[in-house]
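The values are calculated or read from the model by the stated rules, or taken from the named source; none is laboratory data. It should be emphasised that the depicted structure is a prediction, and the values quoted were computed from it without experimental measurement. All Cβ positions, glycine included, derive from the backbone under ideal geometry; neighbour counts span all protein chains shown. In case anyone asks, the SASA skips ligands and DNA or RNA and just uses the protein heavy atoms, side chains included. Shrake-Rupley method; radii C 1.70, N 1.55, O 1.52, S 1.80 Å.
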Amino acid sequence: MTINNTKIKIVFTFILLALMLVAPMFLSEFRLSLLGKFLAYAILAMGLDLIWGYTGILSLGHGVYFGLGAYCMAMHLKLVASKGELPDFMSWSGVEKLPWFWLPFQSAPAALLLAVLVPMAVAFVLGYLTFRNRIKGTFFSILSQALVIITVTLFVGQQGFTGGTNGLTNFDTFLGLSVGDPSTKLMFYYITVAVVIATLLLCLWLAGSRLGKILVAVRDAENRVRFIGYNPVTFKVFIYCLSAGLAGLAGILFVLQEGIISPAQMGIVPSIEMVLWVAIGGRASIFGAIIGAVITNTAKTTFSEAYPEWWPIIMGAMFIVVVLFLPKGIVGTAKDLAQKWGLFPLKSKSAASGTGSLPSYASLEQEAKP
């Protein structure tokens with residue numbers, strides 16, 4: 001007996017939602033805060049999966065977009081905590097007047113909007129200049145890492161404006177609510193759950209739409225897509241900006257629950273870890289991005305608590321095992337096993353291998369004909 005793929009997605013969505021809604025009944029306040037942070041990471045991972053798993057753009061600099069969104073939110077929280085005075089780190093650094101670029105963050109709606117728009121604007125500039133010049137593959141990955149180095153160096157060096165290596169912290173209220181109050185933390189958790197589900201539905205819709213077919217076609221044979229009348233630059237810039245916006249949104253939710261953001265959280269190592277979340281969960285699988293983000297960070301927390309001296313080695317070994325024995329990730333391997341047992345209908349040879357999508361090309365070529 002085979003199971004319809006759409007029904008599977010609906011069932012998994014409801015199961016995921018149910019698990020997240022009942023989690024507060026079984027987890028302590030500390031563990032629930034950790035889960036909320038991991039779900040914020042899942043939002044970023046879904047956006048990263050859209051550009052890497054579906055479009056074939058390997059970004060090793062998504063920590064920048066996450067950090068920019070988080071800093072935008074943290075700047076507002078810091079101004080509120082300062083109660084009309086200069087933030088403490090500015091006074092310590094000799095700054096006498098609030099910088100002009102801090103002024104918009106006095107408003108909560110402006111801060112929330114800029115936390116999404118600023119990462120998208122930076123992604124647009126980088127994406128347009130690189131994709132327009134047909135820079136891709138390893139070269140784009142190196143450029144994205146260069147962006148990380150430049151941004152982190154800038155934020156560390158401008159201590160009077162960004163807090164330097166310490167970052168921004170010591171927040172007390174958001175929209176009049178105490179950020180340290182358990183009821184407020186629970187509210188932030190449920191808001192994160194709502195955003196995760198909304199992002200999941202958006203990504204599933206995009207992946208299953210005509211746009212999703214074009215993205216897969218761009219990933220597998222960009223020149224062929226160009227020859228049949230589509231401009232890959234437009235689609236790559238759009239999906240890259242959307243992914244950056246989702247990373248900024250994740251940064252907002254992260255700061256509200258974690259209460260701190262520093263340049264270390266937007267560096268090269270965190271950016272590479274973000275790619276590993278998607279790889280472990282399963283490329284080109286939106287559910288895999290969520291599972292990978294939650295499982296990887298849960299394992300990291302568990303191992304670091306139980307084996308403080310050995311946990312980096314254990315995590316490294318886990319990554320090696322996944323790459324060698326589960327190259328399609330958790331979800332991809334589970335799908336292969338389900339197809340082997342006859343639970344899923346078999347895909348075409350190209351789709352099953354994950355290296356092509358010939359039906360998508362055929363439909364695109366048919367649509368492109370006059």
Next item on the list: Please tell me if G316 is at pLDDT 85 or above and either open to solvent by less than 30 Å² (accessible area, probe 1.4 Å) or of a type in the set (F, W, Y) (or both).
Entry: no
Check: Say we look at the range 202-228 and pick out the residues that are open to solvent by less than 70 Å² (accessible area, probe 1.4 Å) and more than 23 Å from the chain's Cα centre (by Cα); which of these is farthest from D49 (Cα to Cα)?
Finding: I228
Check: Among the residues of the range 38-60, is there at least one that is more than 30 Å from V125 (Cα to Cα), open to solvent by 50 Å² or more (accessible area, probe 1.4 Å) and not small (G, A, S)?
Finding: no
Margin query: Among the residues of the range 91-112, are any touching a Lys or Arg at 6+ places or on another chain (Cβ under 8 Å), part of a loop (DSSP other than H, G, I, E, B) and open to solvent by less than 80 Å² (accessible area, probe 1.4 Å)?
Written below: no
Next item on the list: Evaluate the range 81-88: report whether one residue or more is closer than 23 Å to I291 by Cβ and open to solvent by 30 Å² or more (accessible area, probe 1.4 Å).
Entry: no
Notebook entry, point to check: Would you say I320 is more than 16 Å from I43 (Cα to Cα) and assigned to a helix (DSSP H, G or I)?
Noted result: yes
Check: Taking the range 290-310, which residues are among the charged types (D, E, K, R) and either in a helix (DSSP H, G or I) or under 15 Å from A40 (Cβ atoms) (or both)?
Finding: K300, E305
Notebook entry, point to check: Pick from G36, G53, G61: which is in contact with a helix residue (DSSP H, G or I) (Cβ under 6 Å, 6 or more places away or on another chain), within 15 Å of L242 (Cα to Cα) and not aliphatic (A, V, I, L, M)?
Noted result: G61
Item checked: The lone exception for T234 - which of (1) open to solvent by 20 Å² or more (accessible area, probe 1.4 Å); (2) more than 21 Å from G47 (Cβ to Cβ) it fails -> (2)
Next item on the list: Write out, first by first residue and then by second, each pair whose Cβ atoms fall under 8 Å of each other, whose residues are 6+ apart or on separate chains, and whose first residue, in the range 242-256, is of a type in the set (S, T, N, Q) while the second is crowded, with 24+ Cβ neighbours inside 10 Å.
Entry: S243/G47; S243/L48; S243/L50; S243/I51; S243/S59; S243/H62; S243/Y65; S243/A123
Notebook entry, point to check: Do any residues in the range 312-331 that are on the phi > 0 side of the Ramachandran plot have Cβ atoms under 7 Å from those of residues that are open to solvent by 60 Å² or more (accessible area, probe 1.4 Å), where the two are at least six apart or on different chains, and which pairs are they?
Noted result: G329/R283
Next item on the list: Scan the range 183-201 residue by residue and report those that are open to solvent by 20 Å² or more (accessible area, probe 1.4 Å) and of a type in the set (A, V, I, L, M, F, W, C).
Entry: L186, M187, I191, A194, V195, I197, A198, L201
